[in-house]
Amino acid sequence: MVNFAYQPEYRPPTAETELEKFSTTVKLSEVFDAGVRLEASAFSIDARNVVTALENSGLQLIPLYGEGGLSQEAHNAFRFRRIYVSAEQGVPFLSSSEIISVQPRLAGYLSRKRTRNLDKLIIKKWDVLISCSGTIGNVSLATDILAGKALSQDAIRLRVKDADTAGYIVAFLRSRYGRPQLIQATYGSVIVHIEPKHLTRVLIPDLHAIRRIEIGRQMCKAGELRDEANRLLDEADKRLHERLNLPDLNSIVSNHNKSLTNTIKASQWMGRLEGSFHNPIALAAEKKLRDLSVEVTTVGDVRVTREVRAITKFRKRVYVDKGGIPLLSSKQIFQVAPVDVKRLAKGAHTKDLPEIQLEENMIAVTRSGTIGRVQIIPAYMAQWAASEDATRIVAASGMNSGYLYAWLASDYGHRLITRHSYGSVIVHVDLEMLASVPIPLPEPSIRDEIGNLVLKANALRDQAWRKEQDAIGKLENLIAKGRIVECQTQAVGEVPEIGGLSFDPDAPPIWELVAEISAQVPDEEWEKLPTDLARRFDYYQKQKHKDD
């Protein structure tokens, strides 16, 4: 039995509708088709309903993977012993959680010599990456920032013949028609998994090539915009070090000091006796800042920030299933496409909004659990909310928020933040500690040079998000419209671009445009036209040219 209501004529819920929770039966043939699975999760009612909706659309459906499918190649590599080496001797390595990160962080470098079958771990450009262990169904399109890096066995690499098809698949799997099909295949108790073979049960519309290319290219373009954003952030970090004459932080601390002991004076205790606070790298960073020729102040300086805001009131939460205010965890703030986002009831949290709501170009710093991750909020997250595990920092009116982000996200800023962490099992950083972090204040032109690169990158992230949402929305609308639109597209066939113009099957008919335009013309203007104009149009055109 399945603990939801199965609806044969079902179409996926819109924002106004939801599913009721009842029960249904499962056919024996379905049990065998699922690999003799007996657990209810293998017959998820959400997945059954979206498949029924796809079938009711009248569109041709094919498997995502396998015989007759869009992809003929998929694997999740293999379990292997991870041997980490220096950057010069290794290959950049990513965990599966980083495939949906806006700025992927390396877990280290795998040894080229001692990692067997290393080529099977390497990501190829335009791979479709699907998390398949622990967290299931996170989907990413491998652009240049991921290509060439090694990836753990916790993600499936799905490969297709071209980038447009890969982009189309990602759009579908992120849509409300795709993700439920991925999740229903999970198996395991404590840690759940899916395998490449489970992708053969995922059905995807075999849309006309025009449609697939249009949707797929939008997804690819979004990925390229994010790559450009990350390139700008790297450039901002590079210029920060150059303009302030700051070397890479790790390069100024010897391996001897890193691995052994450090001596400090009693005057340097600052009320903290933990070794992490007196970390040699943090002390080296402080010394380097003291040697700078520019003024060094703190993040809490009124010239730097208008507010360093810790979330204090936000404890009791009221959630709703639809609508509401999207609430991001401190982890979701850093994700390309956050999934399973909880929503707060607006009525219950209106008074909390001034404190919990995000703003464009606000800076969020994780303060609990994982310490010191820094994000600058893009426009699409404005008006959303985030949990109390991220402290908000709002730049002062005369401070470039991009520069503030660049400093806090740099190796110096990160080290000077994390040294303050306290606690045993779960570590924390308080508001006052963040406010006390040192920050150099070079002349405004230098701050703007660095900060404007960050702001431009943030704008590109917003563009990328909107392109993806537009592509996914188009796909969901096409499926909802069903066979009518697809038949119209197939009847037209492959229409080449003419004079830079491309065919749009969704464009309104010419007679509707004429009716719309003519309705704007006043009646007295229509009365001036000859009553036989339709039959003698050419004659009146010649008369008009003679008069001109």
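Listing for the model above:
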quantity	calculated
Residue-normalised accessible area of segment 313-470, given per residue in Å² at a 1.4 Å probe	40 Å²
Extreme residue, positive dipole direction of segment 194-315, given options Thr263, Ala209, Asn250 (C-beta unit charges)	Ala209
Using distinct alpha-carbon pairs, which all enter the 1/r mean, Kirkwood radius of segment 158-268 in Å	19.2 Å
Efficiency of FRET between Ile264 and Arg105 - r from beta-carbon atoms, R0 25 angstrom, step 0.05	0.25
Computed FRET value (nearest 0.05) for Tyr422 with Val521, which takes r as the C-beta separation and R₀ as 56 Å	0.15
Given Lys221/Lys474; Lys113/Lys238; Lys322/Lys456, the pairs whose alpha carbons are separated by over 21 Å	Lys113/Lys238; Lys322/Lys456
Accessible area (Å², 1.4 Å probe, nearest 10) - Val302	120 Å²
Within straight-line cross-link reach of Lys542, lysines at Cα separation under 26 Å, skipping those fewer than 8 residues along the same chain	Lys528
For segment 158-185 versus segment 186-246, the gap between their alpha-carbon centres in whole angstrom	11 Å
Compactness of segment 67-114, expressed as Rg and Dmax over alpha-carbon positions, Å	14.3, 44
Estimated FRET transfer efficiency (Asp33, Asp470; beta-carbon r; R0 41 Å; 0.05)	0.70
Pairwise label distance in nanometres, Ile252 with Val318, each label 7 Å out on the Cα-Cβ vector	5.3 nm
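The values are calculated or read from the model by the stated rules, or taken from the named source; none is laboratory data. Remember, it's a predicted structure, so these values are computed and weren't measured experimentally. Every residue, glycine as well, gets a Cβ built from its backbone with ideal geometry; the counts of neighbours run over all protein chains shown. The protein model used for the area step is the full one, side chains on, heavy atoms only, and it has no ligands, DNA or RNA in it. Shrake-Rupley method; radii C 1.70, N 1.55, O 1.52, S 1.80 Å.
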